[in-house]
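S.K.: The structure that follows is given in the form of structure tokens.
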């Protein structure tokens, strides 16, 4: 999905389900690494924008991207309606379930590098590109041993 499609989907979702206009921009943010998206407000609570991770847009399936957009739009809608809009609040989580949007940290999207411990053979994954370039500088958590990079794995948000 490109950003134009994302904006169209978000506007339609908010209008159809909450009768609210999207009054803030949705932006691609390539610096987001640990989250798929985020709803940004000022300290006084004024909505600023919605960020969507570049990894999400690059590697996510269409349905996964839509789920992330729904999640962030629900934050915005509930905030505009003066209702609890933060992750974990009972109403917010109920709205996520109602619209089949993923809860925070329940889907994985992006490219990870796979490696194997040279001592015990356990395998692992990391997002660190530097590990691929200079694996000799890293040690495994299991044995403190050297490791061998074995490839890449791409997650698209599918369960």
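S.K.: May I ask you to list the residues in segment 11-31 that are in contact (Cβ under 8 Å) with a residue 24 or more places away in the chain and assigned to a loop (DSSP other than H, G, I, E, B)?
M.R.: If we filter segment 11-31 for residues that are in contact (Cβ under 8 Å) with a residue 24 or more places away in the chain, which is where we start, we get 13-14, 17-18, 20, 22-30.
Hits for segment 11-31 are 20, 22, 23, 24, 25, 30.
S.K.: Output the number of the condition that residue 111 fails; it satisfies all remaining conditions of (1) part of a strand (DSSP E or B); (2) surrounded by 15 or more Cβ atoms within 10 Å (Cβ to Cβ); (3) touching a helix residue (DSSP H, G or I) at 6+ places or on another chain (Cβ under 8 Å).
M.R.: (2)
S.K.: Condition check: at pLDDT 95 or above, assigned by TED's automatic domain parsing to the domain that holds residue 10 and in contact with a helix residue (DSSP H, G or I) (Cβ under 8 Å, 6 or more places away or on another chain). Does residue 81 satisfy that? Step through it out loud before you land on a result.
M.R.: Values: at pLDDT 95 or above: yes; assigned by TED's automatic domain parsing to the domain that holds residue 10: yes; in contact with a helix residue (DSSP H, G or I) (Cβ under 8 Å, 6 or more places away or on another chain): yes.
Yes.
S.K.: Can residue 42 be described as closer than 30 Å to residue 129 by Cβ and touching a strand residue (DSSP E or B) at 6+ places or on another chain (Cβ under 8 Å)?
M.R.: Details: closer than 30 Å to residue 129 by Cβ: no; touching a strand residue (DSSP E or B) at 6+ places or on another chain (Cβ under 8 Å): yes.
Judged against the criteria, residue 42 is not a match.
S.K.: May I pose another question? Of all residues in segment 34-58 being part of a helix (DSSP H, G or I) and in contact with a helix residue (DSSP H, G or I) (Cβ under 8 Å, 6 or more places away or on another chain), which is surrounded by the fewest Cβ atoms within 10 Å (Cβ to Cβ)? Steps first, answer last, please.
M.R.: In the first step, residues of segment 34-58 are kept if they are part of a helix (DSSP H, G or I); the result is 54-58.
The next check asks that each one be in contact with a helix residue (DSSP H, G or I) (Cβ under 8 Å, 6 or more places away or on another chain); those that pass are 56-57.
Details: 56: 27, 57: 21.
Ranking the qualifying residues of segment 34-58, first place goes to 57.
S.K.: Would you pick out the residues in segment 147-159 that are surrounded by 14 or more Cβ atoms within 10 Å (Cβ to Cβ) and assigned to a loop (DSSP other than H, G, I, E, B)?
M.R.: Residue satisfying the conditions is 157 alone.
S.K.: Evaluate segment 115-127: report whether one residue or more is without any contact (Cβ under 8 Å) to a residue 12 or more places away in the chain and not in a strand (DSSP E or B).
M.R.: In the first step, residues of segment 115-127 are kept if they are without any contact (Cβ under 8 Å) to a residue 12 or more places away in the chain; the result is 121.
Okay, now just the ones that are also not in a strand (DSSP E or B), so 121.
Yes - at least one qualifying residue is present in segment 115-127.
The values are calculated or read from the model by the stated rules, or taken from the named source; none is laboratory data. Because the structure is a prediction, the values reported are computed rather than measured. Heads up, the Cβs are rebuilt from the backbone with ideal geometry, glycines too, and the neighbour counts pull from every protein chain shown.
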